[in-house]
Every structure is written in structure tokens, then in C-alpha cells.
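Undergrad: Dropping a structure here in C-alpha cells format, bear with me for questions.
The values are calculated or read from the model by the stated rules, or taken from the named source; none is laboratory data. As the structure is a computational prediction, the values presented were derived from the model and not from experiment. When we count neighbours, we look across all protein chains shown, and the Cβ atoms used for this are built from the backbone with ideal geometry, even at glycine. Note: areas computed on protein heavy atoms with side chains; ligands, DNA, RNA excluded. Shrake-Rupley method; radii C 1.70, N 1.55, O 1.52, S 1.80 Å.
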Number of protein chains: 4
Amino acid sequence: MAFTPQDPDFEARVRATFARQLYMTTIGAELVRVAPGEIDIALPFRADLTQQHGYLHAGVVTAIVDTACGCAAYTLMPAGSGVLSVEYKVNLLAPSVGERMLARGRVLRPGRTLTVCSGEVVAITEDGGEEKTVVAMLATMMRLDKV
Amino acid sequence: MAFTPQDPDFEARVRATFARQLYMTTIGAELVRVAPGEIDIALPFRADLTQQHGYLHAGVVTAIVDTACGCAAYTLMPAGSGVLSVEYKVNLLAPSVGERMLARGRVLRPGRTLTVCSGEVVAITEDGGEEKTVVAMLATMMRLDKV
Amino acid sequence: MAFTPQDPDFEARVRATFARQLYMTTIGAELVRVAPGEIDIALPFRADLTQQHGYLHAGVVTAIVDTACGCAAYTLMPAGSGVLSVEYKVNLLAPSVGERMLARGRVLRPGRTLTVCSGEVVAITEDGGEEKTVVAMLATMMRLDKV
Amino acid sequence: MAFTPQDPDFEARVRATFARQLYMTTIGAELVRVAPGEIDIALPFRADLTQQHGYLHAGVVTAIVDTACGCAAYTLMPAGSGVLSVEYKVNLLAPSVGERMLARGRVLRPGRTLTVCSGEVVAITEDGGEEKTVVAMLATMMRLDKV
């Protein structure tokens, strides 16, 4: 779906918000794509982010796809607004193992107050570069009137 | 609901699994209660775990309540089994701010393969000690036959 | 949790909304309890509402607990407002069989725009009257400004 | 994604299961597409299936997309198995109004025990035939060993 942002400076606004998420820096996540209604975030695998089987913890992959969905919604919001996650659901489709994870957040339906997004996380291995989907998300994001 | 564990050593097994979740150590989470079908995990607030408004990132509070639900399910599973999150949904009810968070995972319905849990995260401030519920979760956990 | 309704006539307003849900009449659902933040809806078992194994269809039990949650949220909204389901998640814990189903919707956190509810459906058999929880729900309801 | 069914007679098996869902007959739903991992179900609008604003009740559109997802999962299961919904989440994106609804269930990841599906319901108006997405679903379906 093609979206037209209300705010021509949406990219700078979204990048600034991402930069203020200290947790994204803590885990080493990087914002790799900002487009209207579309955000990609990359996360290199790190052992200190794993659960008991050596996979990335579900909370970690949830965090990057939540931020991807929130920022995707935020690309379409007006200047001066803020964004907050209302709720989300994730299905964990396969173990989160691989050299890096790529989280994609996409707007399904933008709204004045609420924006619904779908997200996925794919695991990427550098050699073949083949993608495996490890997480599917449906999320609701809310616009805040002032920040 | 009162549950009778199949494995008398459930507590040691659950504590060992928690200890192998390196990510729990990374964020400073602590296992504070292990009972049949019931797990509590505490997390002191830390600025490096926050999102753009200074609240704990949704992925962080999701992580502790996911682990609480997974471990709660695991208390009722037999020795020699493993546990994996299949899916969960969280509603973010209020900003995750406070001196520490307490995640409670509770088994709603145990099953041979799948166990359904409910979870919540409450924010606690040390002075008054009043609790505020910040997250509600419904989760499905799966038993793995061998670990 | 104890809630104080803003609208003293909340019960009449909620009963009128329920009565306008033609689908509730179609399936034979009945509003059996209206209290601030709390709604119960009963549904006698009917074979024409079943799926392939003879249980009530998941969509039918979802319908009654969705209406229970929506009406529970609506009890706390001001006069002149409307209510709409934004999203929900259900876990199907056991087959929906029994003489009648009772859906309970409860407000977890009321808000100006969004209200989060939890719901459950229990199956009741008339002889013993023992309850079995068959559905757990977490739902987000939205207030509409005018109706 | 292209899937190869294990059971060459999957279509007859899925059609038989759909036919046994008496509730689908009750609401007038029709199975309009059966392919490996893909099911479409159509539902003409009917006033006796509506909620208080005259839209189709959320439980009704949930029912058709739940059945679409369940049958999509079932296309890939072996002969002699059964299927049951474990859980699902729906986001209600727009009011379910239009001449008919079309529910699409698609397998995201098939598994031996659990199959994850995504679903959507689109509203169709006969004149222009333009589609509007009204529901998004993520669902987990479970294979039963015998039926």
C-alpha cells in the first residue's frame, strides 16, 4: 500500500525518536529503512540476548518488531505528535537464530488516533542470505497529541 | 487454582532454566518466586532499557512476563522436558515507570502439549509500595519432548 | 476493582445497546448481569451454532465474550458515547460444550479513549453446576464520541 | 508460499469438514476456494447478524476468518487428522459493511502439531467490486491425531 506522509520531515522525526530509544542502542539495533508506512530494523545476533536454548529471547525480537511497527505508524503521523504501543500479538514461528535479524514494520491501516500495523522478523545468514521468518506480529499504535 | 507438579524437583529445574537465560542477567531480572504454576520475576528500573519517553521499552516488560509465563508452565511439566513460547499477546495498560517491575506468570490451563498462561506486570514504587498494573498478557507455551 | 460510572443511567444505556445487537437475538444470547465494569451474558447451547466436532463454534463464543467486554467498557463511558471493538485475542482452553455458556467481561483499565477488558467464557452443566473455563480473552474497546 | 499437501484428497476432506460446521450453514457462509494452504469463504450481508451500529458483529466476521484459517491449516494435514483452533487475535480495521464479506485464510508456517495462519476479511460491494480490508487475524491451529 502506498501512503503519503502528512509531515514532509517524517524521516528526521522518526530517526530522532529511534535514537532516543536507549534500549535499541543497548541491544545493538540499527534503523536500516525509513519509508512512508515502512520501517526495517536490523539486529546482529549476540549471546547476551539469548534464552535457555541459545536463541534470541522472544522479548528481544518482540522489541525490534514493536519498534519497527511503532516507527512505521509514526511516519504517517503529523509533526508534533508522539506514538505509543497499545497492544500487540506475536507468533513465534521458528527459533531466532542466525547472524542477524531483520524486523519489518508495515502500516496496515492508518487512523487519526489508532494505526494498525503488521510486522515480521526474518533471520538472515550471511552466506546464502536466505531469509527465514521467525516472528509474525499484529500491533495497534496510538497517536499522542503532544510530545 | 492449585496445581500439583509432576516433577518434585520442579523448582531446581525452573531455576536452572532461568539461570541459562543470559538475557535475564543482561537486563538485571531476578526470579523471586517459584511455586506450582506461579512465577514472579522482578526487574529494577534502568535507563538503558527505556524507549523514547523514558519508560521501560515494551519489549523489556514483555520479556520478563514472557519468561514468567514460560517458567510457570514449566513448573508443571515433567522432568526431561523443555518449554518454548508459541505466541503471546500483551496490552500495555500504563507506562512502565517505577523503581521496579514485578512480572507475574500464572498457569490458566495446563495441557500435555500446550499450556495457556496469563501474566501481568505491575510497577512498584518503594515508598508507598502501591502497585500499578502496566501490562496484561495471554500466552501459549509448548512442551518440548527432550532438551 | 470497583468502578464508579460517569453516567447514572448506564444500565439502561447498556441494555438498549445489547437489544440493538440483532445477532445476540439470533443466537439466543441473554444479558444476565450489568454492573459498573462488569457484564455477564448467557447462551444456551444450540446445535445450529456448532463446528465440525459438535462444539460451539469459536466465533460464537468469541461473539458473546466480545459483547460482554464491549458492554463492560460501555458501562463506564459517558452518556451520548458509543463503543466499538478495536481488537481482541482469545485462547480456546477447552471445547465449548455444556448446557449453557456464561461469558464474563470485566474492565481491566478504563481510559478516556481506550478501555482494556479481560473476558472469559465458562461452560455450565445444569446438574452439578460446575464451571469449566473454555475461553480467555483480552480486548481493547474504543469510545466513539457520538452515536 | 507454495505448499504441497501430504494428502492428495485434501480438498474433499476440507469440504466435508466445512459442511459439518452447522454454524457456517446457519449464517449463510460458503466455501469458495480450496487450495493448498489457502481457503476463501464468502458471507453475504444479513441484518440478523449485525451489532448495534448495523455492521456485521465482530464475532461473525471472526467466525468466517477462523474457519478459513482452520481449513487452510487442514489442507496441509495428513488424512485421518482433525484440526482445532488454539488461539487467535483479530484487529477490526473498519466496519464490516458491504454486500458480502470474503474471508481469506493463509498458512504462514505449517508444523507437525501447530500451524500458524494469517487471515483477513475484505468487504466487497457489487457495483465497483472494490475491496476494503475490515479484519486482520493471526491464528494458531492444532492438529488432532484422530477424528
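Undergrad: If you average the alpha carbon positions of region A:88-147 and of region C:76-147, how far apart do those two centres end up, in angstrom?
TA: One Cα centre to the other: 28 Å.
Undergrad: Any idea what the B:Ala19 label distances to the other copies are, label 7 Å down the Cα→Cβ vector, nm, shortest first?
TA: Ordered by distance, the counterparts are at 4.3, 6.0, 6.5 nm.
Undergrad: Stretch A:Val97-A:Gln6 to full length: gain in nm at 0.36 nm per residue minus the Cα-Cα span?
TA: 29.0 nm
Undergrad: Here is a follow-up. Under the rule of at least 5 residues apart or a separate chain, name every residue whose amide H is placed under 5 Å from the amide H of B:Leu76.
TA: Amide H neighbours of B:Leu76: B:Gly37.
Undergrad: Please list, in order along region A:114-119, the HN-Hα scalar couplings obtained from phi with the Karplus expression 6.51 cos²θ - 1.76 cosθ + 1.60 (θ = phi - 60°), rounded to whole Hz, x for Gly and Pro.
TA: For region A:114-119, the Karplus-derived couplings read 10, 10, 9, 10, 10, x Hz, x marking Gly and Pro.
Undergrad: Now for a separate question. In degrees between 0 and 90, to the nearest 10, how far off the longest principal axis of chain D does helix D:10-20 point, with axes built from Cα atoms?
TA: For D:10-20 against chain D, the angle is about 50 degrees.
Undergrad: In nm, what does the list of distances from A:Lys132 to its counterparts in the other copies look like, shortest first, when each label sits 7 Å along Cα to Cβ?
TA: Output for A:Lys132: 3.8, 4.2, 4.2 nm, nearest copy listed first.
Undergrad: For the pair B and C, how large is the buried accessible area, both sides, in square angstrom to the nearest 100, if the probe is 1.4 Å?
TA: Counting both chains, the buried surface is close to 1000 Å².
Undergrad: Pick from C:Ser118, C:Ser85, C:Ser96: which residue has the top mean-square fluctuation in a GNM of chain C where Cα pairs under 10 Å get a spring?
TA: Evaluated over chain C, the most mobile residue of the options is C:Ser85.
Undergrad: Could you give the accessible area per residue of chain D, probe 1.4 Å, as a whole number in Å²?
TA: Using a 1.4 Å probe on heavy atoms only, each residue of chain D averages 37 Å².
Undergrad: Could I ask something else about it? Can you classify the protein assembly as shown as rounded, prolate or oblate using the Cα gyration tensor, where a ≥ b ≥ c are the square roots of its eigenvalues, rounded means a/c under 1.5, and otherwise it's prolate if a/b beats b/c and oblate if not?
TA: Here the protein assembly as shown falls in the rounded category.
Undergrad: Among D:Glu87, D:Glu11, C:Glu30, what's the order by accessible area (1.4 angstrom probe), most exposed first?
TA: The residues order as C:Glu30, D:Glu11, D:Glu87, largest area first.
Undergrad: Which whole-Hz couplings ³J(HN,Hα) result when phi for each residue of region D:96-109 is put into the Karplus expression 6.51 cos²θ - 1.76 cosθ + 1.60, θ = phi - 60°, listed in order with x for Gly and Pro?
TA: 7, 10, x, 5, 8, 9, 10, 9, 10, x, 9, 6, 8, 8
Undergrad: If you put +1 on each Lys and Arg Cβ and -1 on each Asp and Glu Cβ, how big is the dipole of chain B around its Cα centre, in Debye rounded to 20?
TA: It works out to roughly 520 debye.
Undergrad: Just flag the trypsin sites (Lys or Arg not before Pro) in region D:100-147 sitting in loop per DSSP whose Cβ has no more than 14 other Cβ atoms within 10 Å.
TA: Listed in order of number, the matching sites are D:Arg112, D:Lys146.
Undergrad: Let me ask you something else. What is the angle, in °, between the Cα long axis of helix D:58-75 and the longest principal axis of the Cα atoms in chain D? Nearest 10 is fine, range 0 to 90.
TA: Its long axis makes an angle of about 20 degrees.
Undergrad: Give the nm distances, rounded to one decimal, from D:Gly54 to the matching residue in every other copy, measuring between label points 7 Å along Cα toward the beta carbon; shortest first.
TA: Relative to the other copies, D:Gly54 has label-point distances of 4.2, 4.9, 6.2 nm.
Undergrad: Counting only Cβ atoms, what residue of chain A lies nearest to the axis that sends chain A onto chain D, and how many whole Å off?
TA: Spelled out as residue then distance in Å, it is A:Lys89, 2.
Undergrad: Ignoring ligands, DNA and RNA, please state the percent of accessible area on the protein assembly as shown from carbon and sulfur, probe 1.4 Å.
TA: 52
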